[in-house]
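Undergrad: Encoded as structure tokens, here's the structure I'll be asking about.
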Amino acid sequence: MADVAKKDVVLQVDNLKKGYGPVTIVEGFSMKVRAGEAVALTGRNGAGKSTVLRCLVGADRPDEGTVTVNGIKVSETNPVIRRDVATVIDDLDFFPDLSVVEHLDLLARAHGLEHPDELVDEVLEEVQLVPQAGQLPSTLSSGQRRRLALATAFVRPRQLLVLDEPEQRLDVEGVAWLGQRLKADLDGGLAIVLASHEPSLLEAIGARTIRLGA
Ligand SMILES: Nc1ncnc2c1ncn2[C@@H]1O[C@H](COP(=O)(O)OP(=O)(O)OP(=O)(O)O)[C@@H](O)[C@H]1O
């Protein structure tokens, strides 16, 4: 913990407020996440976890407050933010006509990685989608689609990883793999913010938890 405290603040949230219509979902929410640190948002269904995550990545605009990544104000269209922040908020955002391997290949190349082919092969192996590499997303099982969504975050550069219930639909081995994978990324200096209902995952990555709502 002492080491983490010395590291740079990657994400800073100050006094975030967000509501829909007359209903306030979160108010006065602040936090800092440093390189190598994982923060988990917990709380009941509807507590506002996804709402906060969407504001963090610029997918939603806070009513009040600020969100900065490496000191730069977050906006989804800012290329610097898009380069540094990897998100897996849902797994519905696939191109219907691109196969599993084509998705990963496209991302790795778009982000200008040096050895895209090797990385894509490695990640495919890791998420155990090698046999499904040529399939379209619509033909994958729901857990395989989740694995593809997670894989998209691992074939690109990232300083901050934002995940909304990444354990969803993963089998027991998948949750254990994810914990190890995220732990390795944390050890490499990644900052992670996630919403999760899976205590074993939070324990595996040593996440600091922030509970939203009552
Ligand atoms: N676009 C929207 N319009 C109106 N209300 C919304 C909208 N998006 C979310 N909400 C409401 O905001 C509240 C918080 O939703 P959110 O998805 O952030 O909860 P959550 O903590 O992620 O829940 P869960 O554990 O079920 O995923 C809920 O009551 C939800 O109905």
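The values are calculated or read from the model by the stated rules, or taken from the named source; none is laboratory data. Owing to the predicted nature of the structure, the values given are computational and were not obtained by experimental measurement. Every residue, glycine as well, gets a Cβ built from its backbone with ideal geometry; the counts of neighbours run over all protein chains shown.
Matching residues to (1) of a type outside the set (Ser, Thr, Tyr); (2) at positive phi:
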{"residue": "GLY112", "(1), (2)": "yes, yes"}
{"residue": "ALA133", "(1), (2)": "yes, no"}
{"residue": "LEU150", "(1), (2)": "yes, no"}
{"residue": "LEU163", "(1), (2)": "yes, no"}
{"residue": "VAL175", "(1), (2)": "yes, no"}
{"residue": "ASP185", "(1), (2)": "yes, no"}
{"residue": "SER196", "(1), (2)": "no, no"}
{"residue": "LEU201", "(1), (2)": "yes, no"}
{"residue": "LEU212", "(1), (2)": "yes, no"}
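Undergrad: Look at ARG169 and say whether it is out of contact with any strand residue (DSSP E or B) (no Cβ under 6 Å at 6 or more places or on another chain), within 16 Å of the ligand (Cβ to nearest atom) and either over 22 Å from LEU56 (Cα atoms) or modelled with pLDDT of 95 or more (or both).
TA: Yes, satisfied.
Undergrad: Now, a different point. Testing ASP93 on (1) assigned to a strand (DSSP E or B); (2) at pLDDT below 90; (3) of a type in the set (D, E, K, R), one condition comes back false. Which one is that?
TA: Every listed condition holds for ASP93 apart from (1).
Undergrad: Still on this structure: Say we look at the range 13-60 and pick out the residues that are away from the ligand (no atom under 15 Å from the Cβ) and of a type in the set (Lys, Arg); which of these is surrounded by the most Cβ atoms within 10 Å (Cβ to Cβ)?
TA: Among residues in the range 13-60 that are away from the ligand (no atom under 15 Å from the Cβ) and of a type in the set (Lys, Arg), the one surrounded by the most Cβ atoms within 10 Å (Cβ to Cβ) is ARG34.
Undergrad: Within the range 128-139, can you find the residues that are touching a Leu at 6+ places or on another chain (Cβ under 7 Å) and at pLDDT 95 or above?
TA: LEU129, VAL130, GLN132, ALA133 - these are the residues of the range 128-139 that are touching a Leu at 6+ places or on another chain (Cβ under 7 Å) and at pLDDT 95 or above.
Undergrad: Considering the range 121-171 alone, what residues qualify as being assigned to a strand (DSSP E or B) and under 19 Å from GLU198 (Cβ atoms)?
TA: Residues satisfying the conditions are LEU161, VAL162, LEU163, ASP164.
Undergrad: Filter the range 184-201 down to the residues that are touching a residue at least 40 places away in the same chain (Cβ under 8 Å), away from the ligand (no atom under 14 Å from the Cβ), surrounded by 18 or more Cβ atoms within 10 Å (Cβ to Cβ) and outside any loop (DSSP other than H, G, I, E, B) and list them by number.
TA: Listed by number, the residues that qualify are LEU186, ALA191, ILE192.
Undergrad: Another question, then. Would you pick out the residues in the range 140-166 that are out of contact with any Leu (no Cβ under 8 Å at 6 or more places or on another chain) and among the small types (Gly, Ala, Ser)?
TA: Selection gives SER141, SER142, ALA149.
Undergrad: Oh, and also: Can you name the residue in the range 69-81 that is surrounded by fewer than 16 Cβ atoms within 10 Å (Cβ to Cβ) and in a strand (DSSP E or B) and, of all such residues, is farthest from the ligand (Cβ to nearest atom)?
TA: It comes out as ILE72.
Undergrad: So CYS55 clears everything in (1) out of contact with any Ser or Thr (no Cβ under 8 Å at 6 or more places or on another chain); (2) without any contact (Cβ under 8 Å) to a residue 12 or more places away in the chain except one condition, right? Which one?
TA: Condition not satisfied by CYS55: (2).
Okay, residues lined up against (1) modelled with pLDDT under 95; (2) assigned to a loop (DSSP other than H, G, I, E, B); (3) over 16 Å from the mean Cα position of the chain (by Cα); (4) not hydroxyl-bearing (Ser, Thr, Tyr):
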| site | (1), (2), (3), (4) |
| --- | --- |
| ALA5 | yes, no, yes, yes |
| LYS17 | no, no, yes, yes |
| THR24 | no, no, yes, no |
| GLU27 | no, no, yes, yes |
| ARG44 | yes, yes, yes, yes |
| THR51 | no, no, no, no |
| ALA86 | yes, no, no, yes |
| ALA108 | yes, no, yes, yes |
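Undergrad: Looking at (1) within 16 Å of the ligand (Cβ to nearest atom); (2) not in a loop (DSSP other than H, G, I, E, B), which one does ALA214 not meet, given that it meets all the others?
TA: All conditions pass for ALA214, except number (2).
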